[in-house]
């Protein structure tokens, strides 16, 4: 006889992509790289969702150019998700995008009980609208304060200052929890600056795909089901973030120390 | 507008056949590693996490799994290599563990071939056989599995920890994530044995996984060891048996955002068992926590008492937690009294002492079943129930993996129950008429006309 038809109670985990679709994203195949990276990450994300019986992973996406609009408005279970391509063209209404996100993080429509949302902001440039007002609106929402906020800078023209403001201050201060520079004696010095609490610098399609995959699997896992804890990891934010993916030793990938 | 400064680089999208997993060991490469005499061929990547990556490899004609660590993981856990070496020398406590077999390290030559160019190490283990699935598949309700198999899996889990603890070792980080089940049999496999340590020595960095960690570990009052393993083991058995969490009741409903501080309150600062007999304030919610309310009444009292012992007094007193041997005894006894409800066909576990048991599923009264009386204990005559050596000799350890006999329904008449001889010896069955028949290994005999079966292990009595 089968085990009773019951399952662990679960909570929704809202995962929202906030994607820059300004005209510059049309250059050099960036928008295609982003579409492909997100599409490729979906099977892994679905697998993580299945492994975490405590979570119901729901995906949405906002695109911003001249205006910010919902690209995927309905919270969609990742298993059912079919990614439609983003199109690039226009300016960079990033502040308006954050206001759109703020509107769905208030209750209602936000559920009374949930797991911490995951917000992923991807941009290659500077906001052209009132970013500060949009961020202020977003951060008035308690669910936005509780959210895991990640930012990916595509190329080296992205405004990492505003991306860092979106993430909030790096609680680890100098060194990120996951990285121990010089531990192997071979880690290039500039890589010790990588931290999930800072904008992730994606300078090629490969590193972009890795960061998107990391955000949609490792981070979703951390936000929905706790992972093994190590001693001495120090005070953690409301969700301890997993290590960043290892980078290839590709000399054309990391072009040198990043300037903040 | 995002600036479009001209750049030589083109953002070529990842092509669909180019996975974005970044395998540290190049697939297809043959590596000379320290620790093994033959070259190791990397066949394919199997999976990766924040600790490292797992590969299918071939060494001297044998297919094995290799876990290879990321340097950041080794830096965080400086005694990892030493613990692994000691585990390999100690050998596996039982075959339920996918135990490290050999330590392998990158040699000078091999470092050049590694994708990150950084020296590291890993260990070889058996490949996980097909048919085993992650225990989360059961807890998430994705698996077709019976109560018999779930109780067996819980027994095998307790038995594996029994063997581990008897070796003086502790696991430290058992959770749903490193347990695998074979749904058809209930057999288990325990993976990720790299935190195993000598109990009390504390030569490691792992603390455990929130939700499975004992409160004293989560709150930093103690370091993980065999006593905290007993807490984690009880959580895991509870989750297997109920598909719910032992500490998530009404108090969880008051939490809007289930994040780290909230988990710390639920599991560390103010833990309260949802079925605490003395304090009902954290009972399951009838809508949100229905799994716990449906499954808890299924199980016999001795199992519930072990949960109460571990999650009430044992919550703050690690010495009082139910021991692995107690779990084995209670789970084996539940399997012995397994009975099929004649009305709804569901598996039930009424105590033999219960004068008027009701089915937990349909509520119908359960008529007294046929019973097989053994030198040590009794087994209800229900299809799937098994006789084991410990039923005949109380000095033998409780084992479920080598049954001597199994109750089976007749293939064409389901009401007709027989006992199949799974042993290597002939039995003599004695009929009510006084006649005797031989039951050879592999044969089954109809239980209805029997009064006794004599086996080399001892007698099986069938009271009329």
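Check whether at least one residue in region B:147-168 is in a helix (DSSP H, G or I), free of Cβ contacts under 8 Å to residues at least 60 places away in the same chain and more than 30 Å from residue B:70 (Cβ to Cβ), and report yes or no. For region B:147-168, residues in a helix (DSSP H, G or I), free of Cβ contacts under 8 Å to residues at least 60 places away in the same chain and more than 30 Å from residue B:70 (Cβ to Cβ): present. Residues in region B:420-436 that are exposed (fewer than 15 other Cβ atoms within 10 Å of the Cβ) and not in a loop (DSSP other than H, G, I, E, B): B:428, B:436.
Rundown of residues vs (1) within 30 Å of residue B:228 (Cα to Cα); (2) in contact with a helix residue (DSSP H, G or I) (Cβ under 9 Å, 6 or more places away or on another chain); (3) surrounded by 17 or more Cβ atoms within 10 Å (Cβ to Cβ), yes/no style:
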position: B:336; (1), (2), (3): yes, yes, yes
position: B:340; (1), (2), (3): no, no, yes
position: B:355; (1), (2), (3): no, no, no
position: B:362; (1), (2), (3): no, no, no
position: B:374; (1), (2), (3): no, yes, yes
position: B:392; (1), (2), (3): no, no, yes
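Residues that are part of a loop (DSSP other than H, G, I, E, B), in contact (Cβ under 8 Å) with a residue 24 or more places away in the chain and not assigned by TED's automatic domain parsing to the domain that holds residue B:305 do occur in region B:351-359. Scanning region B:214-246 for residues that are outside any helix (DSSP H, G or I), touching a residue at least 60 places away in the same chain (Cβ under 8 Å) and under 20 Å from the mean Cα position of the chain (by Cα) yields B:214, B:243, B:246. The residues of region A:43-59 that are assigned to a strand (DSSP E or B), touching a helix residue (DSSP H, G or I) at 6+ places or on another chain (Cβ under 7 Å) and more than 13 Å from residue A:225 (Cα to Cα) amount to a single one, A:59. Number of residues in region B:283-325 that are within 14 Å of chain A (Cβ to nearest Cβ), in a helix (DSSP H, G or I) and without any contact (Cβ under 8 Å) to a residue 40 or more places away in the chain: the value is 3.
Please verify whether region B:92-101 includes one or more residues that are out of contact with any helix residue (DSSP H, G or I) (no Cβ under 7 Å at 6 or more places or on another chain) and either surrounded by fewer than 21 Cβ atoms within 10 Å (Cβ to Cβ) or not in a helix (DSSP H, G or I) (or both). Yes, region B:92-101 has at least one match. Scanning region A:77-96 for residues that are surrounded by fewer than 17 Cβ atoms within 10 Å (Cβ to Cβ), touching a strand residue (DSSP E or B) at 6+ places or on another chain (Cβ under 9 Å) and closer than 26 Å to residue A:13 by Cβ yields a total of 4.
As for region B:248-269, it holds at least one residue that is in a loop (DSSP other than H, G, I, E, B) and under 23 Å from the mean Cα position of the chain (by Cα). When region B:28-72 is filtered for residues that are within 14 Å of another protein chain (Cβ to nearest Cβ) and closer than 15 Å to residue B:124 by Cβ, the ones remaining, listed by number, are B:46, B:52, B:53, B:68, B:69. Taken over region B:171-207, the criterion of being within 21 Å of residue B:153 (Cβ to Cβ) and either in a strand (DSSP E or B) or not assigned by TED's automatic domain parsing to the domain that holds residue B:230 (or both) is satisfied by B:179, B:180, B:181, B:188, B:189, B:190. Just give me the residues in region A:24-44 being more than 9 Å from chain B (Cβ to nearest Cβ) and crowded, with 24+ Cβ neighbours inside 10 Å, in sequence order. Listed by number, the list holds a single entry, A:38.
The rows are residues; the columns are (1) surrounded by fewer than 18 Cβ atoms within 10 Å (Cβ to Cβ); (2) modelled with pLDDT of 80 or more; (3) not in a loop (DSSP other than H, G, I, E, B).
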| position | (1), (2), (3) |
| --- | --- |
| A:149 | no, yes, yes |
| A:177 | no, no, no |
| A:196 | no, yes, no |
| A:220 | no, yes, yes |
| A:242 | no, yes, no |
| A:254 | no, no, no |
| A:259 | yes, no, no |
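Filter region A:28-52 down to the residues that are without any contact (Cβ under 8 Å) to a residue 60 or more places away in the chain and over 23 Å from residue A:123 (Cα atoms) and list them by number. Of everything in region A:28-52, those that are without any contact (Cβ under 8 Å) to a residue 60 or more places away in the chain and over 23 Å from residue A:123 (Cα atoms) turn out to be A:43, A:46, A:50. Scoring residue B:401 on the criteria (1) under 25 Å from the mean Cα position of the chain (by Cα); (2) not in a loop (DSSP other than H, G, I, E, B) leaves a single failure, condition (2).
Every condition in (1) without any contact (Cβ under 8 Å) to a residue 40 or more places away in the chain; (2) on the phi < 0 side of the Ramachandran plot holds for residue B:91 except the one numbered (2).
Suppose the filter is modelled with pLDDT under 85 and not in a loop (DSSP other than H, G, I, E, B); does residue A:137 pass it?
No: the conditions fail for residue A:137.
Just wondering, is there one or more residues in region A:65-76 that are in a loop (DSSP other than H, G, I, E, B), surrounded by fewer than 24 Cβ atoms within 10 Å (Cβ to Cβ) and more than 9 Å from chain B (Cβ to nearest Cβ)? There is at least one residue in region A:65-76 that is in a loop (DSSP other than H, G, I, E, B), surrounded by fewer than 24 Cβ atoms within 10 Å (Cβ to Cβ) and more than 9 Å from chain B (Cβ to nearest Cβ).
Only residues that are under 17 Å from residue A:150 (Cβ atoms) and within 10 Å of chain B (Cβ to nearest Cβ) were counted across region A:10-23, and they come to 2. Taken over region B:123-145, the criterion of being assigned to a strand (DSSP E or B), within 14 Å of another protein chain (Cβ to nearest Cβ) and surrounded by 18 or more Cβ atoms within 10 Å (Cβ to Cβ) is satisfied by B:134 alone.
Screening region B:73-83 for residues that are surrounded by fewer than 20 Cβ atoms within 10 Å (Cβ to Cβ) and assigned to a helix (DSSP H, G or I) and picking the one that is farthest from the other protein chains (Cβ to nearest Cβ) gives B:82.
The values are calculated or read from the model by the stated rules, or taken from the named source; none is laboratory data. Bear in mind the structure is a predicted one, so any value in this text is a computation, not a measurement. For neighbour counting, all protein chains shown are included, and Cβ atoms are generated from backbone atoms with ideal geometry for every residue, glycine included.
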